[in-house]
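Some notes on the structure that comes next.
The values are calculated or read from the model by the stated rules, or taken from the named source; none is laboratory data. Everything numeric here is computed off the predicted structure, so don't read it as measured data. Cβ coordinates were reconstructed from backbone atoms using ideal geometry, including for glycine residues, and neighbour counts include every protein chain displayed.
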Amino acid sequence: MTKSRPGFIICLAAAFCLAAAPRASAADDFGRIVHHIETQYHVHRQHRWAMGLAGFVVKFYHFAGVKSLKGAIFENQVFLDAGADTKFDEVIRAALDSGWQPMVQSWDRHSGERTYIYARYVTSKNGTDMKVLIVSLEPNEAVVLQVKMDPRKFTDFVEEATAGHNHHNHPRPAETQGEPRVEALSPAQPSWDGMCLMADAGAPSQP
Amino acid sequence: MNRATRTLRFFALLILYCIAARGFSQNAKLQLDILNKLGEKAARSTDITLDGSMLNFIASVIEKLDDEGDQDVAQLKSIIKGLKGIYIKSFEFDAPGQYSKEDVEAVRSQLGSRWTRIVQSIDKRNHEHDEIYLMKNGDKVAGVVILVAEAREFSVVNIVGDVPIEKISALERHIAANDDDSHRKKPKKGSGHDEE
């Protein structure tokens with residue numbers, strides 16, 4: 001019994017992850033789009049465990065205000081005749097009927113590249129949440145992502161995350177003053193007695 | 001003046017007032033859905049709709065960005081603050097003549113008397129016709145429409161709200177300058193060694 005306990009825990013965790021992982025056959029728009037991609041192009045999702053785990057974690061720990069996360073990644077797979085896939089539009093249009101507002105819709109007939117970003121507000125216990133649906137289909141990869149988040153908490157997160165960001169990116173005054181000094185000094189050191197290992201032995205030395 | 005004439009005059013004035021009020025309350029948002037049919041012929045189509053609560057959300061995210069020391073973010077904040085909607089429809093075609101004059105006219109006809117054309121660029125050699133229209137509300141800008149009609153491309157950009165033109169052009173100049181710098185810094189493919 002003691003020996004089988006880790007195995008039991010792993011099985012339990014796996015069951016939880018699978019339960020949290022979105023199934024393609026689910027009746028929501030995310031499920032419908034993923035199901036369409038899988039059946040139309042005969043491709044399979046990758047990193048399913050990771051996405052399931054991320055979705056599971058987010059359910060309990062609302063990182064950056066994100067309350068739910070569903071993701072499907074298809075990498076290095078061939079999406080044949082994506083340009084001629086007119087049914088994709090029907091699936092997307094069905095999503096519009098269920099209340100999504102289109103923000104970005106882009107389609108390239110030749111390459112079959114499609115990008116859709118839809119969003120909608122939903123009422124929750126604590127107010128209003130925002131749902132974002134991102135669909136990106138390229139000749140050899142596709143990503144479908146659905147995120148539900150608290151917009152207020154998300155903006156707070158952005159504020160916190162970027163609070164010190166610019167200070168790191170922009171050089172400090174001392175560093176700014178230091179830069180021209182380096183440039184000014186470099187021509188003043190023409191003779192360097194060191195040896196360049198990459199230089200050709202037969203090449204003449206620099207003046 | 002009898003009572004009937006007075007009543008008639010009152011109603012005539014009321015109707016005139018309503019017409020005038022309707023004219024002044026003309027929305028800067030254009031009906032661009034009429035162009036959706038072009039999507040069937042287009043090789044590449046792009047449709048962007050940012051308005052209402054979504055634009056407010058994006059604005060609130062940008063508002064929270066730390067602009068200390070970052071001129072671009074500060075400019076962007078002040079630009080997005082007064083916007084009410086951004087609508088873009090762009091179609092690229094494989095061959096010329098895939099859209100008609102009527103399609104262009106369908107957009108242009110929505111630009112009533114309150115719209116002023118501020119830029120018109122015609123290149124007959126390349127069949128390019130670009131226009132920029134502005135709707136003013138007092139001293140402020142209430143909307144902008146950019147119309148790009150080229151042989152193989154038809155694009156309409158409609159921005160609704162207080163668009164600070166001078167700030168946009170300043171931001172554009174700044175970004176263009178940064179782009180130039182980055183291009184200059186990038187070594188040319190295959191010739192990088194020679195340049196060094």
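Of the residues making up region B:157-165, at least one is at positive phi, touching a residue at least 12 places away in the same chain (Cβ under 8 Å) and under 11 Å from the mean Cα position of the chain (by Cα).
One residue stands out in region A:112-130 among those that are out of contact with any Lys or Arg (no Cβ under 9 Å at 6 or more places or on another chain) and more than 16 Å from A:LYS148 (Cα to Cα): the one that is surrounded by the most Cβ atoms within 10 Å (Cβ to Cβ), namely A:TYR116.
Just one of the listed residues (B:GLN110, B:GLN71) is over 30 Å from A:LYS131 (Cα atoms) and either in contact with a Ser or Thr (Cβ under 6 Å, 6 or more places away or on another chain) or modelled with pLDDT of 85 or more (or both), and it is B:GLN110.
Of all residues in region B:29-59, none satisfies the criterion of being buried (at least 18 other Cβ atoms within 10 Å of the Cβ), among the polar types (S, T, N, Q) and more than 30 Å from B:ALA151 (Cα to Cα). When only residues in region B:139-168 that are part of a loop (DSSP other than H, G, I, E, B) and either touching a Cys at 6+ places or on another chain (Cβ under 6 Å) or under 16 Å from B:ASN27 (Cβ atoms) (or both) count, which is modelled with the lowest pLDDT? Ranking the qualifying residues of region B:139-168, first place goes to B:VAL163.
Tally time: how many residues in region A:100-117 are aromatic (Phe, Trp, Tyr) and in contact (Cβ under 8 Å) with a residue 24 or more places away in the chain? Selection size over region A:100-117: 2. Of the set (1) in contact with a Lys or Arg (Cβ under 6 Å, 6 or more places away or on another chain); (2) surrounded by fewer than 17 Cβ atoms within 10 Å (Cβ to Cβ); (3) part of a helix (DSSP H, G or I), all apply to B:PRO96 but (3). Scanning region B:100-128 for residues that are under 20 Å from the mean Cα position of the chain (by Cα) and in contact (Cβ under 8 Å) with a residue 24 or more places away in the chain yields B:ASP103, B:VAL104, B:ALA106, B:VAL107, B:ARG108, B:GLN110, B:LEU111, B:GLY112, B:SER113, B:ARG114, B:TRP115. The criterion of at least 2 residues that are within 14 Å of chain B (Cβ to nearest Cβ) and closer than 22 Å to B:LEU50 by Cα is met, among strands (runs of 3 or more DSSP E) falling completely within region A:31-139, by A:101-108, A:114-124, A:127-138.
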